[in-house]
1. Identify, please: which residue in region 807-825 is part of a helix (DSSP H, G or I) and β-branched (V, I, T) and is, among those, least open to solvent (accessible area, probe 1.4 Å)?
2. Note down all Cβ pairs under 8 Å where the first residue falls in region 974-993 and is free of Cβ contacts under 8 Å to residues at least 12 places away in the same chain, the second is surrounded by 18 or more Cβ atoms within 10 Å (Cβ to Cβ), and they're at least six residues apart or on different chains.
3. I'm checking my understanding of the structure. Among residues of region 962-977 that are out of contact with any Pro (no Cβ under 6 Å at 6 or more places or on another chain) and surrounded by 20 or more Cβ atoms within 10 Å (Cβ to Cβ), which one is nearest to N1070 (Cα to Cα)?
4. Restricting attention to region 328-340, and to residues there that are open to solvent by 30 Å² or more (accessible area, probe 1.4 Å) and out of contact with any strand residue (DSSP E or B) (no Cβ under 6 Å at 6 or more places or on another chain), which single residue is nearest to V211 (Cα to Cα)?
5. Against the condition aliphatic (A, V, I, L, M), in contact with an Asp or Glu (Cβ under 8 Å, 6 or more places away or on another chain) and not in a loop (DSSP other than H, G, I, E, B), how does V479 come out, does it pass?
6. Quick test of your reading of the structure: K325 fulfils all but one of (1) more than 24 Å from T107 (Cα to Cα); (2) surrounded by fewer than 15 Cβ atoms within 10 Å (Cβ to Cβ); (3) in contact with a His (Cβ under 9 Å, 6 or more places away or on another chain). Name the failing condition by number.
7. If we scan region 125-143, do we find a residue that is in a loop (DSSP other than H, G, I, E, B) and within 36 Å of the chain's Cα centre (by Cα)?
8. Could you pull out the residue among F77, F99 that is aromatic (F, W, Y) and out of contact with any Gly (no Cβ under 9 Å at 6 or more places or on another chain)?
Amino acid sequence: MAATGVVYASVEEFLKQCEQSGDAAYGALRSVLARLEDPTTRSQARIFLSDLQKRFATKEASDHCFKTYHFRIEDIFFDQYEGYQGRKKLTMMVIPSIFVPEDWSFTFYEGINRHPDSIFKDRTVSELGCGNGWISIAIAEKWLPLKVYGLDINPRAVKISRINLYLNALDENGQPVYDEEKKTLLDRVEFHESDLLSYCRDHEIQLERIVGCIPQILNPNPDAMSKIITENASEEFLYSLSNYCALQGFVEDQFGLGLIARAVEEGISVIKPNGIMIFNMGGRPGQGVCKRLFERRGFRVTRLWQTKILQAADTDISALVEIEKNSPHRFEFFMGLSGDQPICARTAWAYGKAGGSISHALSVYSCQLRHPSQVKIIFEFLKNGFKEISSSLDLSFDDDSVADEKIPFLAYLASTLKQNSYFPYEPPSGSKRFRSLVAGFMKKYHHVPLTANNVVIFPSRNVAIENALRLCSPRLAIVDEHLTRHLPRQWLTSLAIEKNAVTGDTSEDTLTVIEAPRQSDLMIELIKKLKPQVVVTGIAAFEAVTSSAFVNLLEATREIGSHLFIDISDQFELSSLPGSIGVLKYLAGNTLPSHTAIICGLVKNKVYPDLEVAFVISEEESLFSALSKTVELLEGNTSRISQYYYGCIFHELLAFQLADRHPVTQRNRENVKSEDMMGFASSTIPVLSNAELSIDGAENGSLIHMDSDQSFLPIPSSIKASIFESFARQNMTESETNVTPSIKQFVSRNYGFPTDNSAEIIYAENSTALFDKLVLCCIKEGGTLCFPAGSNGNYVSAAKFLQASIVIVPTNVNEGFKLTEKTLSGVLETAKNPWVYISGPTVNPTGSLYSNDEMQEVLGTCAKYGARVIIDTSFSGLEFDYEGWGGWNLHRCLSELSSSCKPSFCVSLFGGLSLKMLNGVLRFGFLILNEPVLIDIFYTFPGLSRPHSTVRYAIKKLLGLMEQQSADLYDATIEHTRKLKSRYKSLKEALEKCGWDVLDSSAGVSVVAKPSAYLDKIIKLKISSDESHENATTDIKIDDSNIRTAMLKATGLCINSGSWTGIPGYCRFNIALEENEFKKTLDCIAKFKELVLN
């Protein structure tokens, strides 16, 4: 036969062709394969191979054939490893350019045999790096799988494997060999050229078993591995594919395991649930390193077999010597097969050069994914642009319960980050999904029929307790001694109760907290004697199982008209078999009384210590509403990712259960309404009623939120990568989460703000909480908080809620509603202990920019009157029209003022990085204090929800990328500012066309405009969405107080009116919306014009 398929006249003619060269021999063998693949010539071609093998029947003759004719046909004997047919050998051909069966592959086969016979029966199997195909054929012969795909990157190996398939599928006479199922090996085995599993991926083949015997030594010449692999490549190059691997971009590259790491990750995408991977692993890197390769990718690992083999003489280990030179890692070799003390690569290299034989351990590992579906999702996410963070992934766990929590969460996080280009609006009361899951858990496991509208989410239990107390602002509260550690110090040291007892005055603003033991009888005794307006307590462990203690507390507080907040954190278990809780037993049969709420902090997780979220349950609508507004004013939004994490746990506990199997239990209802009980503080109710806070879309259809400070623009991939990496990591060091150096550099670069060693930097989950603590500091100093007209409406409302003394500093449209020396001086002359709030460089909500000179003038005025200054940078960093602006350098200005200012003058700077980092999910606030007295006062208010270590890790990484001007983050910033500028122009054009006066904006996410053409105009609005009143309407005359309501009811567009902006007549619009949402806003504005003006 010839390469064209012509039949050779004799074996001698064929051998003459092969003798010319290895390439010529390969050409001749390809011709044989062509005839084997043709059914009409198959039998003759197989007989020809039989004659060829008989020509070289002995070991010596076979070796001569290989050396002279560049091929060999030999038998591999199984001995005790008999197949179902009883076949004891396979007949195999090899050529010099492919992997020759040796100890490495024989040990691998021995390891496979450690599995029970059922492992491959009727399964779909793939072998990676099949070489001449003998293991694929042996698996098919012994275990009768459904299909075996033998894959190799070496095209010559694939061709020889196919020849070997025919050598064993047909007998020496060219007749098919059938197994017990009447199939031949041709029915069970296929060989394909493939870079690892690319063939299976491209053909969407799902596998049940993946086996692999893959190179583990780094190629000493990496450039050589970059050659295009073809069957015409040199024999030396093709053979090197079986011994060496190039760098693959994995952390395991440093151990020569990068190719196996890539094989495992590719395998994850094509293996079926409950599938098994079996790999041969040379023990040179050390057994721990080998196992970790699999474990950190979510596998359970079993070592099937281990032995020692001699290091192949043609394998150059100098690359491993180089790795040892540049790292602390030591590889593991042995002196000969009998050596039991490991030696490093350098010693092994020297010993081998001196003529000694070196060996290494060889192990066969069987691996199975813990959570196959979730791990697939994680790696699908990583391969789509996030491969660089795969080295941080660690799914190895000593405790299965930890794996059961972390892996599903990472899968959910990966899925969410992959699917969402931005994060949609969520109400401050908490994600609707998370609140529904909490309610669902209560219903399923504790038989308490709650809804999402009975649940409010807080950052932590401590924050929930403090906010509840501020909402009620009682003269006297009794609080469980276990729950007072994070309350303001002055509440715990106040003697106001003593003063009021003497004078009979109940108007004292100071809140006094009395600590009490958790035991219910002692607590009730105190309640009866002291008659507090609020009681906050847990239930002692010995009383928690029954509801008696809770019922007694209910009766005691109801009798005196006191609010009761019961903490069940210590008893609450996120488990499919939760322990009994007496409070929830009571709620299963009775509605929660209107004067009572349940508090529960979720912190008892094993995966992310101190990652906390809390929920408060109330079945009284007014209390639910008041708590929702309180958390919005004082905390902003609770961490979305914290809600994701606990939401995953709740979901896992609910997902397997059938819906509504049991009818809802009819519960007893109390007759006492909340109005008959002690109300909320008289100072807080007007604030909550008048503040323009969020509108829940669940009750108003699909709303467009232009009344939010959040960005809904696309999130850059580097942000997503940092978020995912922070949660995927394990055992982060303190230096990896220490953001202080990065924050100092950020503040210095962007604002020129001094951060010397005396500066105190404080962190919180968001900037809103930090601002509120500063307000409390102002109050404690007896200060007056001075807001420019045209400030963040939520901040102004929060200050009122906290009962700060407030003065509004006049501003005017000609100055972009910024502070000037003249207007500021007029206020500071009469203000007592002034504290001046400044939003800058970007003014929120107007979008104006303070220049450095303007700030110097404002700060100079403040210094003259000894004012304390709060600079809020939360809304800065997205300047889109900054020509001639020049940025800030506050250090020089403050240095000049330090010698001439009054002693009380100081400047504090705080901000958040959400907008600067172009996302609405990663929340982080920082505050820099330079005044020792102020630092001491600040720490008397300890109830601050701190950012979790995962957030600090992500923030530090992103600040580093910003400093390096990372392409993705830098380009995204440019794109976002370009888009905001375009949005501003589009919105301005649409508003002006519809009769609005628009203020010029240069930065930020907000635009303000005055509805000049609409004032005093009449609009007809539907009175109710009730079907019985479908056509009922009412006429409303539009003014500054109702335009928000009119716009909302008429179009579904949420904006803020002048009562929020602090500028009479001017409304606020958020332009950082998702693209389609922004287009809808333009339609809403046009629709509103038609309804009112036409």
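1. Step one: of region 807-825, the residues part of a helix (DSSP H, G or I) are 813-815, 821-825.
Checking which are β-branched (V, I, T) leaves us with 813, 823.
Working: V813: 68, T823: 36 Å².
Among those that are part of a helix (DSSP H, G or I) and β-branched (V, I, T), it is T823.
2. E992/V998
3. The first filter runs over region 962-977 and keeps only residues out of contact with any Pro (no Cβ under 6 Å at 6 or more places or on another chain), leaving 962-967, 970-971, 973-977.
Those left that are additionally surrounded by 20 or more Cβ atoms within 10 Å (Cβ to Cβ): 962, 976.
Numbers: M962: 25, H976: 14 Å.
Filtering first and then ranking leaves H976.
4. Taking region 328-340 as the starting set, the residues that turn out to be open to solvent by 30 Å² or more (accessible area, probe 1.4 Å) are 328-330, 332, 335, 337-338, 340.
Pick out the ones that are also out of contact with any strand residue (DSSP E or B) (no Cβ under 6 Å at 6 or more places or on another chain) and you get 328-330, 332, 335, 338, 340.
On the way: P328: 32, H329: 28, R330: 28, E332: 24, M335: 29, S338: 29, D340: 29 Å.
Here the answer is E332.
5. The answer is yes for V479.
6. The number of the failed condition is (3).
7. Yes: one or more hits.
8. On the way: F99 fails: out of contact with any Gly (no Cβ under 9 Å at 6 or more places or on another chain).
Going through F77, F99 in turn, just one is aromatic (F, W, Y) and out of contact with any Gly (no Cβ under 9 Å at 6 or more places or on another chain): F77.
The values are calculated or read from the model by the stated rules, or taken from the named source; none is laboratory data. On a predicted model such as this, the values are computed, not experimentally measured, just so you know. In this analysis, Cβ positions are derived from the backbone assuming ideal geometry, glycine residues included, and neighbour counts consider all displayed protein chains. Heads up: the accessible areas ignore ligands, DNA and RNA and are worked out on the full protein's heavy atoms, side chains in. Shrake-Rupley method; radii C 1.70, N 1.55, O 1.52, S 1.80 Å.
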